[in-house]
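Scroll down for the structure; my scribbles are underneath it.
The values are calculated or read from the model by the stated rules, or taken from the named source; none is laboratory data. All figures in this text were calculated on a predicted structure; none of them were measured in a lab. Neighbour counts are summed over all protein chains in view; Cβ atoms, including those assigned to glycine, are modelled from backbone coordinates with ideal geometry. Remember, those area values only see protein heavy atoms, side chains included, never the ligands or the DNA or RNA. Shrake-Rupley method; radii C 1.70, N 1.55, O 1.52, S 1.80 Å.
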Amino acid sequence: MLEDKYGRRFHYLRLSITDVCNFSCDYCLPDGYACDTKRDFLSVEEIRVLVAGFAKLGTSKVRVTGGEPALRRDLAEIIGICAQTKGIEHVTMTTNGYKLESDIETWVAAGLSSINVSIDSLDPKMFAAITGHDKLDSILRGIDKALALGIDVKVNAVLLKQYNQFELTQFFNWIKYTPVSMRLIELMQTGDNLNFFHKNHVSGMPIKEQLIKDGWTQKIRSKTAGPAQEFFHPDYLGRFGLIMPYSKDFCASCNRLRISATGKLHLCLFAEQGLDIRPSLAEQSSDKLVAQLTQLLSDKEATHWLQDGYTGATTHLAMLGG
């Protein structure tokens, strides 16, 4: 089992397969994706060795992320590799939903068991203003398709003071009759969004306090759950969650590691650098990777230091898919 010096166990791998994204969200890539160097993303065979190695070390959940993972033509094959790896019990994906309506059946057939979709506003005009795309209606139809297929759906919205802070009522009205988990994520400071962060960061704590006051009950987290504090209410089909990285002891329950699309291990989303594991992926066996991962984990720190304004090497969130 992968375990660090603080006793945290890592059941959950976030695997980025591309850092390319076709949306231009104001809080992440306001000028769109740009790259002036050649990108050599992990191959299917490298991903096969990688996932097998993590599974040997007790990882049971893989989240495929980007950038936008649906921009890779071999996405279904990658999902299939993860789902067919011995020890992997749950394969999920985070997407902007651009191809959700057209491709969800293919992903589910490949082995996808749940999905997270980013929707920062339920107002079509505001959604287009934030993302640069008028795709909200298509994405909502894609969510309906996913639910009809029996897929667990989580919807992520970054909480933004100047954009969607006052849309909470709309979100609550939606989940009253829609069985999704709606999660608000506190805006995080990255290397290139300092001014935007100071103008738009909103704490989720007042929302949590109001949820409890209104009769919502906090759900117990599973060993592979993400960082959201999730709540349920008997009058709502959906659930409500909060991801608050600036809250006290946020990192104490960390259970996930990240691999970049170019084969670097990130011990934290805000680590100073990625650690190159790609040479180990060239082996036919995952044994070398297992040994390297065990050694590298000793350097994982107790906290992300975000509360001190430290952002490490994370220039923008598309680099590692959050």
Using a ≥ b ≥ c from the Cα gyration tensor of the chain (square roots of the eigenvalues), is it rounded, prolate or oblate, where a/c under 1.5 gives rounded and otherwise the larger of a/b and b/c decides, a/b for prolate? rounded
Once the Cα atoms of helix 136-148 and of the chain are each reduced to a long axis, what angle between those two axes, in degrees from 0 to 90 to the nearest 10, is obtained? 70 degrees
Per residue, accessible area of the chain with a 1.4 Å probe, heavy atoms of protein chains only, in Å², comes to 44 Å²
Note on the stretch 120-249, DSSP bridge orientation, antiparallel percent to nearest 5 equals 30 percent
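So what is the calculated 222 nm ellipticity per residue for the chain, using -39500 (n - 2.57) for each DSSP H run with n of 4 or more, over all residues, to the nearest 500 deg cm²/dmol?
Numbers: 10 runs with 95 residues, N = 322.
Computed mean residue ellipticity for the chain: -8500 deg cm²/dmol.
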Which entries in the list Lys199/Lys300; Lys99/Lys223; Lys86/Lys219; Lys61/Lys86 go over 21 Å, if you measure between the two C-alpha atoms of each? Lys199/Lys300; Lys99/Lys223; Lys86/Lys219
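Using a Förster distance of 45 Å, how high is the FRET efficiency between Ala148 and Gln210, based on the Cβ-Cβ distance and rounded to 0.05?
The calculated FRET efficiency here is 0.90.
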Within the accessible area of the chain, what % is carbon and sulfur when the probe is 1.4 Å and the other protein chains stay in place? 51 percent
Using Cα springs under 10 Å in a Gaussian network model of the chain, which residue among Met126, Met93, Met182 shows the largest mean-square fluctuation? Met126
For Tyr246, solvent-accessible area (1.4 Å; no DNA, RNA or ligand), Å²: 70 Å²
Using a 1.4 Å probe on the protein heavy atoms only, what accessible surface does Arg141 show? Give it in Å² to the nearest 10. 120 Å²
For Met1 and Asp235, compute 0.36 nm times the residue count separating them, minus their Cα-Cα distance, and round to one decimal in nm. 80.2 nm
Separation of the stretch 177-198 and the stretch 83-159 by C-alpha centroid, Å? 17 Å
